[in-house]
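Student: Before anything else, here's the structure in question.
The values are calculated or read from the model by the stated rules, or taken from the named source; none is laboratory data. None of the values given here were measured: they were computed from a predicted structure. Cβ sites come from the backbone with ideal geometry, for glycine too, and all protein chains shown count toward neighbours.
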């Protein structure tokens, strides 16, 4: 439990406190108190003290968490419940007790991860861009060219490297090191808010990384942007508004495009999780319930279009049965240049 | 072996009733349901005690499913323990003798909003904060703002007769209830009469309010609602003594004024809450927060009349800022890092209520007894007085043990001893066992002392409604099998 021990203050403060359960998407989707922040901290407290042992069911509980960290915002101290759950995953890895589905998923990420290859990324440019999923490289390149900068673009392929960290495997260290070596000294725009948060926490040079939303908010005012003048609802990524403490950039970008927002419940620092991505690996039903709840909130606004700014949110919402179209921020912006 | 087979049988039937995904026998679930927020259950677990685990946890989605589970429990003679959000502080929703936990969290829908007669009907598994937010979005409020609004369900408040911060004007939860749907211990589903004030026989809903699940499970409830008020006014007032503050509260409440809130803090609690949490720099004495809500002109007028009363008791107006500071930050002390639940301290709340003539007497008797009898343990006794009515008020004391035993059993024994001594002193001076947390198992041992021969009324009622004694056994101190 050496990783979890680092968060002993968090564990002690929350192990008997149910005051953050009401915001927990995992608890709401499963209804069991075992999945709430109190439940998880209670278990960690007993595990640390030796009053309880890990078993397969308990291990699975620790992956049934979005790490969205809304719970920590309920308190007033500097505790970090999501980090404690994440730390427990590292302990689970060391005990070789990861669920097989998680092990299999990690293997797929590692096999595909180009940062872990013998010859890592070779690129040059004025600015870097790291993305995954194959859809955003060309879109970002269009924006960079319009802004008259040469972008060195890295598409990680199918998987977001951040998941190595969020799933609790030490391989993330090599990835962060390789990313730190990419375009040294230059600004790097990070598409995934998950990876941006990992880099902010773990990089040797966190200040050079910028989220896509922040970059767009910075660069768009100087570009010839066609206004759209439409109304949407906005789902904000938890890592952006909470982990990276940025509630403004995304809204500023939409404002520049003259896109009006019909606000849904649970926004900004209270933004509710989309249900992805790590929880989906062990419990797709729960992940889908969380997504459905968020989309219900979106539908309540009367809007028919939801703008998202994270590819994990996009994947979790796409193909929903609420007749809501899901629009990816970068596609929206690139389409207006 | 036969027990294992029976467990298989019961599990199979439960899955048929609520769906396989809504029954759990997972160890992690059994472990978390072995505690609530009560000091005994969490300390026992924290110190390695054998956890009182249920055999099954079910999550029914409708009243009919609750009824079927209860009928099953009767057939197999298994205890049923209803559970809302698991935030009780008396062990009331813990399965001390095993059995089936009926977790109500799936039954969390708002069923109907009546904007003509001003009421809302909701399933009782709804979290109070979610119900309140839902109403606020539509311009309404229940006016039920308990400290545990963020972690407790409507059902929990009904089962334990909860009080909110504005109870002085709007009443306790039972005063907000119009009618309820209840599943009786034999599975029968009943509805109490549509309105509570009538002459069509006794008020059925009263039997279930505060019954902590021993007479049935409240599955749905209709509550009165109000429009969100036009204005609030808050003030902090300082008195030379706690006595002066208490006397002011009494005079205000019997005057016919309707303050939404009066909270009085003794010196210890002023230090604990007003200074440490709210950051106010105050002197020693009796510290009062007083607040009114409603139409702007009315609250202003009410405050002016109240001011004359507190000035008669030499109350010094500290202004509106500390009053609004309390209003805006009133829940802070219940969240980490301020909450004592976060610590491994030996402390408990021994709240009570009484007629005006006994409020101060009870406080003095409890404080003197606890700080004298348990002096060797360096016990601190602090209190506030937060729910006031025309007939009396509440006393909300904490005891905090400075020198606590390290041994688990000693720790638990000392806690019981202090708690029983404090509560006995309270009863001996005209107070009640509890004001708004319920009794659970923690205080059930004092039910006979509180009720005297009247306990037989509850016992007969229990026998008639629940002849198999399956409903939440061991709670409320009512005799079982």
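Student: Give just the number: which of (1) assigned to a helix (DSSP H, G or I); (2) surrounded by fewer than 22 Cβ atoms within 10 Å (Cβ to Cβ); (3) within 14 Å of chain A (Cβ to nearest Cβ) does residue B:71 not satisfy?
Tutor: Every condition holds for residue B:71 apart from (3).
Student: Please enumerate the residues belonging to the stretch B:10-22 that are away from chain A (no Cβ under 14 Å) and in contact (Cβ under 8 Å) with a residue 24 or more places away in the chain.
Tutor: Restricting attention to the stretch B:10-22, the residues satisfying the condition of being away from chain A (no Cβ under 14 Å) are B:10-17.
If the condition is that a residue be away from chain A (no Cβ under 14 Å) and in contact (Cβ under 8 Å) with a residue 24 or more places away in the chain, then B:10, B:11, B:13, B:14, B:17 are the ones that fit.
Student: Would you mind finding the one in A:57, A:49 that is surrounded by fewer than 21 Cβ atoms within 10 Å (Cβ to Cβ), free of Cβ contacts under 8 Å to residues at least 12 places away in the same chain, closer than 18 Å to residue B:344 by Cα and within 8 Å of chain B (Cβ to nearest Cβ)? Working first, answer last.
Tutor: Numbers: A:57 fails: closer than 18 Å to residue B:344 by Cα.
Among A:57, A:49, only A:49 is surrounded by fewer than 21 Cβ atoms within 10 Å (Cβ to Cβ), free of Cβ contacts under 8 Å to residues at least 12 places away in the same chain, closer than 18 Å to residue B:344 by Cα and within 8 Å of chain B (Cβ to nearest Cβ).
Student: Right, another one. Name the one entry in B:78, B:57 that is in contact with a helix residue (DSSP H, G or I) (Cβ under 8 Å, 6 or more places away or on another chain), more than 30 Å from residue B:350 (Cα to Cα), in a strand (DSSP E or B) and touching a residue at least 40 places away in the same chain (Cβ under 8 Å). Quick ask: steps written out before the conclusion?
Tutor: Details: B:78 fails: in a strand (DSSP E or B).
That would be B:57, the only listed residue that is in contact with a helix residue (DSSP H, G or I) (Cβ under 8 Å, 6 or more places away or on another chain), more than 30 Å from residue B:350 (Cα to Cα), in a strand (DSSP E or B) and touching a residue at least 40 places away in the same chain (Cβ under 8 Å).
Student: Do we find that residue A:285 is more than 14 Å from chain B (Cβ to nearest Cβ) and over 15 Å from the mean Cα position of the chain (by Cα) in this structure? Give the steps one after another, and end with the answer.
Tutor: Working: more than 14 Å from chain B (Cβ to nearest Cβ): no; over 15 Å from the mean Cα position of the chain (by Cα): yes.
No, not satisfied.
Student: Scanning the stretch B:23-39 for residues that are in contact with a helix residue (DSSP H, G or I) (Cβ under 8 Å, 6 or more places away or on another chain) and in a helix (DSSP H, G or I), which turns out farthest from the other protein chains (Cβ to nearest Cβ)?
Tutor: Restricting to residues being in contact with a helix residue (DSSP H, G or I) (Cβ under 8 Å, 6 or more places away or on another chain) and in a helix (DSSP H, G or I), the top hit is B:39.
Student: State all residues of the stretch B:115-138 that are outside any loop (DSSP other than H, G, I, E, B), without any contact (Cβ under 8 Å) to a residue 40 or more places away in the chain and more than 30 Å from residue B:54 (Cα to Cα); if no residue qualifies, say none.
Tutor: Residues satisfying the conditions are B:132, B:133, B:134, B:137.
Student: Yes or no: residue B:56 modelled with pLDDT of 95 or more and either within 24 Å of the chain's Cα centre (by Cα) or within 13 Å of chain A (Cβ to nearest Cβ) (or both)?
Tutor: Answer is yes for this residue.
Student: I'm trying to understand the selection: among the residues of the stretch B:313-337, which are outside any loop (DSSP other than H, G, I, E, B), in contact (Cβ under 8 Å) with a residue 40 or more places away in the chain and within 14 Å of chain A (Cβ to nearest Cβ)?
Tutor: Across the stretch B:313-337, the qualifying residues are B:329, B:332, B:333, B:334.
Student: Right, residue A:109: under 17 Å from the mean Cα position of the chain (by Cα), farther than 24 Å from residue A:177 by Cα and in contact (Cβ under 8 Å) with a residue 12 or more places away in the chain or not?
Tutor: Values: under 17 Å from the mean Cα position of the chain (by Cα): yes; farther than 24 Å from residue A:177 by Cα: no; in contact (Cβ under 8 Å) with a residue 12 or more places away in the chain: yes.
Considered against the rule, which asks whether it is under 17 Å from the mean Cα position of the chain (by Cα), farther than 24 Å from residue A:177 by Cα and in contact (Cβ under 8 Å) with a residue 12 or more places away in the chain, residue A:109 comes out as no.
Student: What's the total number of residues in the stretch B:227-247 that are assigned to a helix (DSSP H, G or I) and out of contact with any strand residue (DSSP E or B) (no Cβ under 7 Å at 6 or more places or on another chain)?
Tutor: Residues that pass the stated criteria total 2.
Student: Can you confirm whether residue A:199 is buried (at least 18 other Cβ atoms within 10 Å of the Cβ) and either part of a helix (DSSP H, G or I) or at pLDDT 95 or above (or both)?
Tutor: For residue A:199, the condition - buried (at least 18 other Cβ atoms within 10 Å of the Cβ) and either part of a helix (DSSP H, G or I) or at pLDDT 95 or above (or both) - is met.
Student: In contact (Cβ under 8 Å) with a residue 24 or more places away in the chain, surrounded by fewer than 20 Cβ atoms within 10 Å (Cβ to Cβ) and within 26 Å of residue B:41 (Cα to Cα): does that describe residue B:367?
Tutor: no
Student: I'd like the full set of residues that are part of a helix (DSSP H, G or I), under 20 Å from the mean Cα position of the chain (by Cα) and under 17 Å from residue B:386 (Cβ atoms), limited to the stretch B:341-361.
Tutor: If the condition is that a residue be part of a helix (DSSP H, G or I), under 20 Å from the mean Cα position of the chain (by Cα) and under 17 Å from residue B:386 (Cβ atoms), then B:359 is the only one that fits.
Student: I'd like the residue in the stretch B:120-140 that is surrounded by fewer than 20 Cβ atoms within 10 Å (Cβ to Cβ) and away from chain A (no Cβ under 13 Å) and, out of all such residues, is farthest from residue B:59 (Cα to Cα).
Tutor: Result: B:139.
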